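First up is the structure itself, then whatever we jot down about it.
The values are calculated or read from the model by the stated rules, or taken from the named source; none is laboratory data. Quantities reported herein were computed from a predicted structural model and do not represent experimental measurements. Counting neighbours? That spans all protein chains shown, and the Cβs are built from the backbone with ideal geometry, glycine included.
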Amino acid sequence: MKTANVSRITISRLHNLGNYEHTKYEISIEVSEGASVSQVLSNAERILEGLNPKSPVQDWELEQAHRVLALTEEQREVYDSDNLPAYRNIVEKYDNWRAEQKLALQALDDIGGTSVYTDAKSKWEDDL
């Protein structure tokens, strides 16, 4: 005998960006009758994790990796040549992170609905 009915799930994720900054994403999903609540929750969690705005590599690391990988063998220094696998790994991590973001955004679009942008501060002019 069923005693409760879940009709809506709201889940949020707070991503720490460092330097006292963060981004919060929140999704509210209405659960269709007959849909698996645990599956809806699992999908929402995956979407929010995929939207993580913090890159797994530093900007300078990525720039250096691209710079070294663009060089010919003759142009590379010995240190750079010895570290080619590490540079490729940096680029691969970044590309995978971007691909996960793209998939998460597509999954979010597939859900449909509305979006609301809310900034932590309503009046930035106060800082001037």
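Considering segment 8-37 alone, what residues qualify as being surrounded by 10 or more Cβ atoms within 10 Å (Cβ to Cβ) and of a type in the set (Ser, Thr, Tyr)? Once the filter is applied, which keeps residues that are surrounded by 10 or more Cβ atoms within 10 Å (Cβ to Cβ) and of a type in the set (Ser, Thr, Tyr), segment 8-37 yields 12, 23, 25, 28, 36.
Output yes when any residue across segment 49-57 is assigned to a helix (DSSP H, G or I), at pLDDT 90 or above and surrounded by 12 or more Cβ atoms within 10 Å (Cβ to Cβ), and no when none is. Let's see the steps before the verdict.
Narrowing segment 49-57 to residues assigned to a helix (DSSP H, G or I): 49-50.
Retained after the next criterion (residues that are at pLDDT 90 or above): 49-50.
With surrounded by 12 or more Cβ atoms within 10 Å (Cβ to Cβ) added as a condition, the list becomes 49-50.
So far as segment 49-57 goes, yes, one or more of its residues are assigned to a helix (DSSP H, G or I), at pLDDT 90 or above and surrounded by 12 or more Cβ atoms within 10 Å (Cβ to Cβ).
A search for C-beta distances below 6 Å between a residue of segment 4-24 that is farther than 24 Å from residue 42 by Cβ and any residue that is not in a strand (DSSP E or B), counting only pairs 6+ apart in sequence or on different chains, returns 17/54.
If a residue has to be under 26 Å from residue 27 (Cβ atoms), small (Gly, Ala, Ser) and modelled with pLDDT under 90 to count, how many in segment 70-128 make the cut? Of the residues in that region, 6 qualify. Of all the numbered requirements in (1) in contact with a helix residue (DSSP H, G or I) (Cβ under 9 Å, 6 or more places away or on another chain); (2) loosely packed, with under 13 Cβ neighbours inside 10 Å, residue 95 misses one, and that requirement is (1).
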